[in-house]
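The values are calculated or read from the model by the stated rules, or taken from the named source; none is laboratory data. This is a predicted model, so every value here is computed, not measured. Quick reminder, even Gly has a Cβ in these numbers, built from the backbone with ideal geometry, and neighbours come from all protein chains shown. Side chains are part of the model used for accessible areas, which takes the heavy atoms of the whole protein and leaves out ligands, DNA and RNA. Shrake-Rupley method; radii C 1.70, N 1.55, O 1.52, S 1.80 Å.
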Amino acid sequence: MTGPQVDAPTGVARRHGLGQDAHPFGPGSPLFLGGVRFDGVPRLDGHSDGDVVLHAIADGLLGAAGLGDLGRQFPADASTPRGIASTEMVGAVLDRLASGGWRPAAVDVTIIGARPRLGPRLDGIRENVARLLAIPTSAVNVKASSGNLDGSDGAGRTISTLALVTIEARS
């Protein structure tokens, strides 16, 4: 849902957006998830650094604000530098949101993949996402699923992410 929703008790305008991204593992390393570096783990293949967590969050933010999608903002062509850091992309999305009078309020993320084991790193991803979005850590939730060992995610060939985001009008 991307339409405005007014929270009656506070009168704050809120919108919600859903983002999704998936990338296959590629050659080289490191892997980036939520802006956190995983040394010694194969990177995800893509035009950027392949950070599916930040891509899904950015897509959700853009959708909530009615600003299209990440592919339109950063096409996989010569206009977007190859290997661009997803943290840069999120920064540009946050600037677009701010110029429209919006800011992130909350994020719920599910990372789906059989590898690497993420349990010990989820708190670090959560803290980094909160820092990047300039919201309290308590407003960010990050979970991991093995994909029940089904499909490309479950077979360890890809990692995908779903992100539900809430934005609110800047005060």
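Below are the figures for this structure:
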read-out: Environment charge at Leu18 (Cβ cut-off 14 Å; Lys +1, Arg +1, Asp -1, Glu -1); value: -3
read-out: Carbon and sulfur %, accessible surface of the chain computed with the full protein complex present, 1.4 Å; value: 51
read-out: Debye intensity ratio in log₁₀ form over the Cα atoms of the stretch 33-171, taken at each q of 0.14, 0.18 Å⁻¹; value: -0.63, -1.02
read-out: Mean separation of Cα contacts under 8 Å, 6 or more apart, over the residue count of the chain: relative contact order %; value: 30
read-out: Probe 1.4 Å, accessible area per residue of the chain, Å²; value: 48
read-out: Leu149-Ser29 FRET efficiency (beta carbon distance; Förster radius 30 Å; 0.05 resolution); value: 0.80
read-out: Three-way shape label, the stretch 63-133, alpha-carbon gyration tensor, a/c 1.5; value: oblate
read-out: Dipole of the chain [Lys/Arg +1, Asp/Glu -1 at C-beta], most positive-end residue of Ala22, Leu122, Val52; value: Leu122
read-out: Inter-site label distance for Asp123 and Thr137 at 7 Å from Cα along Cβ, in nm; value: 0.7
read-out: Burial order of peptide ranges 13-19, 142-148 (average beta-carbon count within 10 Å, highest first); value: 13-19, 142-148
read-out: Virtual spin-label span in nm between Asp39 and Arg82, 7 Å along Cα→Cβ; value: 2.6
